[in-house]
Amino acid sequence: MDRLITSEPSNVVMILVEPGQKCSGELTLRNVMYTMPVAFRLQPMNKMWYNIIPQSGIILPLAKLTLEISYQLPQTSILPHEFPHCDDSFLLQSVVAPGAAVKNPSENLVPSEWFTNKKKQVYSDSGIKVMFVGSTILTHLVVKGYMDEIRDILEKGDPSWKLVDSMDSEGQTLLHLAISQGRADLVQLLLEFEPNIESISRSGSSPLELAAASGEALIVELLLAHKASPERSESSTWGPIHLAAANGHIEVLRHLLLKGANVNSLTKDGNTALHLAVEERRRDCVRVLLANSARADIRNAIYGDTPLHIASSLGDEQIVKVLLHNGVIKGVRNKVGKTAYDLAAENGHTKLFDALRLGDNLCTAVRKGELRMVLRLLENGASINGRDQNGWTAIHRAAFKGRVDILKAIIEKGIDINAKDCDGYSALHCAVESGQVDAVELLVKRGVDLEARTNKGVTALEIAESLQYSGIIRILLHGGSKDVGSHVGSKQKSDLFAGGEMDVGVVKKKGSRSRGVRRSGLDRSAALAVV
């Protein structure tokens with residue numbers, strides 16, 4: 001028989017250290033004898049710092065007795081002299097006490113001579129050590145990054161203490177502290193012990209919000225994998241998606257969107273992530289948000305500005321173009337009745353005038369056939385190659401509507417005759433598809449690129465052939481094609497050169513543009529729909 005008494009936890013006293021509270025722990029002793037009571041005495045090796053209640057007593061057979069061990073913190077200190085493990089120890093003595101019986105063992109003090117009488121066999125154990133635990137200690141260890149010690153405390157600590165949710169004096173949890181240091185390994189360790197993943201620090205942020213603001217993509221991924229909510233916590237001004245977008249953390253933003261974060265959620269003051277990304281000129285984030293269905297028509301709460309208002313006020317030409325390319329409506333007015341163009345004008349961002357208004361005005365004048373207005377707009381600063389809401393320049397619109405007089409004027413003014421829209425359509429493609437023979441002839445004579453292809457690899461001649469526009473085919477072939485036979489069959493060639501049946505300027509087969517497009521199989525959509 002090696003001993004009369006066992007201790008729980010085995011050979012260690014865990015003392016909980018919390019600010020403003022008594023530093024104490026418990027040690028449970030168990031009598032392993034089946035028939036005999038056992039007397040014990042527990043003494044600290046350093047009596048100045050420790051107090052034990054009761055220090056001695058009798059434990060009945062197979063019974064247990066729990067002792068309270070308190071620790072006196074050194075003055076002017078919030079931490080023990082050593083931690084978490086300490087060299088301090090306790091001497092546990094035990095002796096068989098035949099016939100002893102007590103009603104309340106915890107109050108029974110055993111005479112000290114019981115443990116010094118040489119006639120009795122006294123068992124001594126000096127292997128009981130001290131381990132300090134608690135929020136103060138854990139937060140210190142997390143700041144220092146001592147992973148082995150942190151794991152030891154969390155594994156051995158009383159589950160009821162919930163040590164993994166400890167906070168420091170500033171109201172930050174262990175997770176917050178690990179995240180603020182960028183320690184993904186520490187975060188992963190803490191997550192093993194199931195902390196409150198939605199805990200809010202005293203500053204009002206959740207762990208995920210802190211990680212998103214810091215751009216810690218791996219930590220964000222870990223938190224999301226453990227079911228952290230990607231939405232704004234009630235106490236926070238900004239949610240994770242707003243923090244990631246405003247700070248330009250593109251990978252964090254992608255993780256949040258992949259886990260279902262609401263791309264159009266609002267901050268407490270009524271901005272979307274798109275508003276914030278635009279305001280901070282985070283262009284990559286703007287593109288990612290738009291690609292994930294971010295709404296660009298939402299007006300913020302304070303001024304009623306859309307993201308386009310903000311970009312225009314800042315003079316950010318690239319973001320303005322991105323927003324317009326995604327179909328943003330230019331004419332929306334904020335709470336004081338101003339459009340994006342008005343804000344650009346107020347701030348002197350002249351480079352935006354065409355994109356925000358003059359380009360549209362120019363194309364509108366072209367569409368209506370108002371040559372004088374076209375010339376006036378150009379004189380007043382409208383860019384000759386400015387684009388409208390649909391990405392068309394004036395030459396696209398003039399060609400599509402067959403405004404030959406305007407075509408001549410803007411070509412003389414130096415417009416890019418081969419400019420393409422976002423689908424790769426040039427003015428020649430537009431003129432051919434809408435059956436504008438005179439416009440096609442003028443463009444060919446002015447040296448337009450006959451071999452230009454759309455983004456889908458289609459030439460103007462192929463569009464004409466698909467729509468069976470015989471007169472236009474003749475102009476295109478006569479105007480520059482090197483191999484007539486490669487584009488039309490023998491019957492078409494004989495018709496083209498017979499000189500009797502067809503005439504330049506006459507479209508042999510007319511029909512609606514939309515019907516012709518369906519027949520040709522060409523996928524031409526939004527831009528040509530605006531007439």
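Just so you know, all these numbers are worked out from the coordinates, no wet-lab data involved. This one's a predicted model, so the numbers in the text were calculated from it and none came from an experiment. Because the Cβ atoms are built from the backbone with ideal geometry, glycine has one as well, and the counts that use them run over all protein chains shown.
Observations on the model:
- Sum of -39500 (n - 2.57) over DSSP H runs of 4+, divided by residues of the chain (222 nm, nearest 500): -10500 deg cm²/dmol
- Label-point gap, in nm, between residue 82 and residue 413 - each point 7 angstrom along Cα→Cβ: 8.8
- Cα-centred dipole magnitude for the stretch 136-293, charges only on beta-carbon of K, R (+1) and D, E (-1), debye, nearest 20: 580
- Sites matching chymotrypsin sites (Phe, Trp or Tyr not before Pro) across the stretch 1-59 that sit in DSSP coil, with at most 11 neighbouring C-beta atoms within 10 Å: 34
- Of the residues 34, 93, 17, the one whose Cα sits farthest toward the positive end of the charge dipole of the chain, with +1 on the Cβ of Lys and Arg and -1 on the Cβ of Asp and Glu, is 17.
- Spatial extent of the stretch 136-293: Rg and Dmax, with the Cα atoms as the point set, Å: 16.1, 50
- Virtual paramagnetic centre 7 Å along Cα→Cβ of residue 66, amide N under 15 Å, in the stretch 17-49: 24-30
- Rounded to whole Å, the principal axis extents of the Cα atoms in the stretch 397-475 read 32, 26, 19, largest first.
- Using the Cβ of residue 242 as centre and a radius below 12 Å, the other residues enclosed give a net charge of -2, where K and R count +1 and D and E count -1.
- Compared with the direct C-alpha span, the chain from residue 318 to residue 34 gains 93.7 nm at full extension, assuming 0.36 nm per residue.
- Alpha-carbon centroids, the stretch 343-417 and the stretch 1-50: separation in whole Å: 90
- Normalised convex hull volume, the stretch 180-256, alpha-carbon set, Å³ per residue: 79
- The stretch 5-133 gives an Rg/Rh value of 1.00, both radii derived from C-alpha positions and Rh following Kirkwood.
- Put simply, when 4-11, 214-221 are sorted by average Cβ atoms within 10 angstrom per residue, most first, you get 214-221, 4-11.
- D_trans [Stokes-Einstein, Kirkwood Rh over alpha-carbon pairs] for the chain, 25 °C, 0.890 mPa s, µm² s⁻¹: 81
- Simple label model, 7 Å out from Cα along Cβ direction - residue 22 to residue 169, nm: 2.4
- Full-stretch length increase - residue 422, residue 53 - with 0.36 nm per residue and alpha-carbon distance subtracted: 124.5 nm
- Members of 330/413; 64/156; 22/227; 368/445 lying beyond 32 Å, as alpha-carbon distances in this model show: 22/227
- Estimated distance in nm for a label pair at residue 283 and residue 6, the labels positioned 7 Å out from Cα along Cα-to-Cβ: 7.1
- Antiparallel DSSP beta bridges within the chain, as percent of all bridges there, nearest 5: 90
- Dipole moment magnitude, nearest 20 debye, the stretch 78-228 about Cα centre, only Lys, Arg, Asp, Glu C-beta charged: 720
- Check: the chain dipole with +1 on Lys, Arg Cβ and -1 on Asp, Glu Cβ, in debye: 2120
- Multiplying the residue separation of residue 147 and residue 203 by 0.36 nm and subtracting their alpha-carbon distance yields 17.6 nm.
- Contact order for the chain, expressed relative to its length and based on alpha carbon pairs under 8 Å spaced 6+ residues apart, stands at 6 percent.
- Close amide-amide hydrogen proximity is noted between residue 91 and 43, 45, each under 5 Å apart and 5 or more residues distant or on a separate chain (H modeled in the peptide plane; Pro and chain starts excluded).
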